[in-house]
Amino acid sequence: MSFDHRDPGTPEEAWRAAGVAERPPALDLAVLDAGAVERVVVLAAHPDDESLGAGGLLARAARRGAEVCVVVATDGEAASPEPSADREALAARRRREVVAAVAHVAPRAAVHLLGLPDGGLREHRARLAAALGAVLDAGSSEGAPTTTVLAAPWRGDGHRDHRVAGEVAAALAAEPRAGQDVTLLEYPVWLWHWADPADDAVPWEHLRSLGLSEDERDAKRRAVAAHASQAEGDEPVLHAGMLRHFDRDVELFVTSPPADPAPAGPGTPGGRSLPVGFFDDFYTGRSDPWGFETRWYEERKRALTLAALPRQRFATALEVGCSTGVLTAELATRCDRVLGVDIAAAPLEAARRRLGDRVELFQVATPGEWPAGRFDLVVLSEVGYYWGPADLSLAIDRATASLADDGVLIACHWRHEVPEYPGRGDDVHRALRARGDLATLVRHEEEDFLLDVLVRPPAVSVARRAGLA
């Protein structure tokens, strides 16, 4: 999903005509109204997210006597296209604005400003998780469990920082926390701008509404107005059309939990592989969550992957973890037959729409399940770090066994750490290169990813095979 805040976006009238205030069921916050919720923690990716998406919830919690904490991940400095000096000034201004905004809805709230890079939460996921986890743990008690509501940006909101913040919150909410019961709510912000009421990305069945009193609406309006820097200039982020989405008499939250939201990460017992529920939840409401179709990084990486193949054409290919089929489509131009498999149903449906009958697509939970047959080409692209150590070893065994006698195995993986994943790209490629029955023909290394082409020994270069050397 990509969008431009300068676009007019979907008018609020369209959402109101679709019943955005009446259609979602009421959020069950009877425990909050009765004073049983002891803490409300709101995570914002940028200053103003907390006011736009959860200002009413903050006001309700404060008026009911709950402890309120607001965690702001970044200073929002990337909202300015100006040089670094001006960005520093904007960051300082936005920090002041968010403190003032929170004071309008929850005067006694604790505000934690983390100062992580705007636009860089994916690269600082671990720091965000540690800081938010510490805030949650501060509310634990030795007696009866503390009841906490954790509100965070919706993972399907279309902004990378919002997605990462939501994913971190979801992972922490799913972890058992001694002395604390945590309920996760996710608030959309940009959804109301880029989507429309008929869009399949709108999670209508999971939306719940929190009706706001007039006092709560007034407090929220003052909080939103405190973010004045975002409503200024020739191309304001919070233009009048955008602001109308947040002047409703309800706030809307996504309440669907991950199917299995507690996969083991690095260093956890057993190093379990990510379950199908992780991927089902990850794809919910997002047609291109990885940016395969829009990011130059992905386009370039695909071009390098295809250029590294040592033969112009292959008879049969197996792609493990084919996702929505963007790379699959390009493999099909080089192979007579392509079999693509993925653990999740949603990306396979997108791949089928993209590819029609040009390839064979199946839902397969690798490596426990594995397609029968032998292949001239086996592709492991951005999939190996989802497996725990035991499954990674099994996957490499099965991939190698699937190779024809002169088959080629190509692997390409992101190198930066993602705390939710059991492994890292370097782990995957280290395991592949350690195989005695595979030899490295091509090795490409960058800061961001590794690309290896492996064959059965001996590895004969393209030039030597062609008689040129």
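The values are calculated or read from the model by the stated rules, or taken from the named source; none is laboratory data. For clarity, every value in this text was computed on a predicted model and none was experimentally measured. All Cβ positions, glycine included, derive from the backbone under ideal geometry; neighbour counts span all protein chains shown.
Annotations for the structure displayed:
- Test: residue in segment 343-359 that is under 15 Å from ALA399 (Cβ atoms) and assigned to a loop (DSSP other than H, G, I, E, B): no
- Test for ARG311: is it outside any strand (DSSP E or B), surrounded by 15 or more Cβ atoms within 10 Å (Cβ to Cβ) and touching a residue at least 12 places away in the same chain (Cβ under 8 Å): no
- Tabulated pairs, segment 278-303, first more than 13 Å from THR324 (Cα to Cα) and in the same structural domain as LEU331 (by TED's automatic domain parsing), second among the acidic types (Asp, Glu) and assigned to a helix (DSSP H, G or I), C-beta under 9 angstrom, 6+ apart or interchain: ARG302/GLU330; ALA303/GLU330
- Selected residue (only one of ALA134, ALA126 is at pLDDT below 95, under 28 Å from TYR283 (Cβ atoms) and of a type in the set (A, V, I, L, M)): ALA126
- Of residues in segment 226-254 being surrounded by fewer than 17 Cβ atoms within 10 Å (Cβ to Cβ) and in contact (Cβ under 8 Å) with a residue 24 or more places away in the chain, the one farthest from HIS104 (Cα to Cα): GLU235
- Within segment 316-360, considering residues that are among the acidic types (Asp, Glu) and surrounded by fewer than 18 Cβ atoms within 10 Å (Cβ to Cβ), the one nearest to PRO275 (Cα to Cα): GLU349
- LEU451 being surrounded by 19 or more Cβ atoms within 10 Å (Cβ to Cβ) and within 28 Å of TYR297 (Cα to Cα): yes
- Scanning segment 177-212 for residues that are closer than 16 Å to ASP247 by Cβ, among the hydroxyl-bearing types (Ser, Thr, Tyr) and in contact with a helix residue (DSSP H, G or I) (Cβ under 8 Å, 6 or more places away or on another chain) yields one hit, TYR187.
- Candidate set from segment 365-418 (those that are among the aromatic types (Phe, Trp, Tyr) and more than 28 Å from ARG125 (Cβ to Cβ)); member that is nearest to the chain's Cα centre (by Cα): TRP370
- THR328 falls short on exactly one of the conditions (1) assigned to a helix (DSSP H, G or I); (2) among the hydroxyl-bearing types (Ser, Thr, Tyr); (3) over 19 Å from ARG295 (Cβ atoms), and that condition is (3).
- Qualifying residue in segment 190-197 (condition: surrounded by fewer than 18 Cβ atoms within 10 Å (Cβ to Cβ) and not aromatic (Phe, Trp, Tyr)): yes
- For VAL364: the one exception among (1) touching a residue at least 12 places away in the same chain (Cβ under 8 Å); (2) closer than 20 Å to ALA307 by Cα; (3) not small (Gly, Ala, Ser): (2)
- Only one of VAL99, VAL135 that is without any contact (Cβ under 8 Å) to a residue 24 or more places away in the chain and surrounded by 15 or more Cβ atoms within 10 Å (Cβ to Cβ): VAL99
- Some residue of segment 367-376 being aliphatic (A, V, I, L, M) and touching a residue at least 24 places away in the same chain (Cβ under 8 Å): no
- Where strands (runs of 3 or more DSSP E) sit wholly within segment 102-218, those with at least 1 residues that are farther than 17 Å from GLU50 by Cβ and in the same structural domain as VAL41 (by TED's automatic domain parsing) occupy 146-153, 180-187, 207-211.
- Subset of segment 76-109 that is among the charged types (D, E, K, R) and farther than 30 Å from GLU214 by Cα - its residue that is modelled with the highest pLDDT: GLU77
- Filtered residue count, segment 194-236, keeping only those that are farther than 22 Å from VAL70 by Cα and either among the β-branched types (Val, Ile, Thr) or modelled with pLDDT of 95 or more (or both): 2
- Within segment 335-342, not a single residue is in the same structural domain as HIS413 (by TED's automatic domain parsing) and out of contact with any strand residue (DSSP E or B) (no Cβ under 7 Å at 6 or more places or on another chain).
- Taken together, the residues in segment 384-416 that are β-branched (Val, Ile, Thr) and surrounded by fewer than 22 Cβ atoms within 10 Å (Cβ to Cβ) amount to 1.
- When each of ARG64, ARG94 is tested for being over 21 Å from the mean Cα position of the chain (by Cα), in the same structural domain as GLY179 (by TED's automatic domain parsing) and surrounded by fewer than 22 Cβ atoms within 10 Å (Cβ to Cβ), the lone residue that passes is ARG64.
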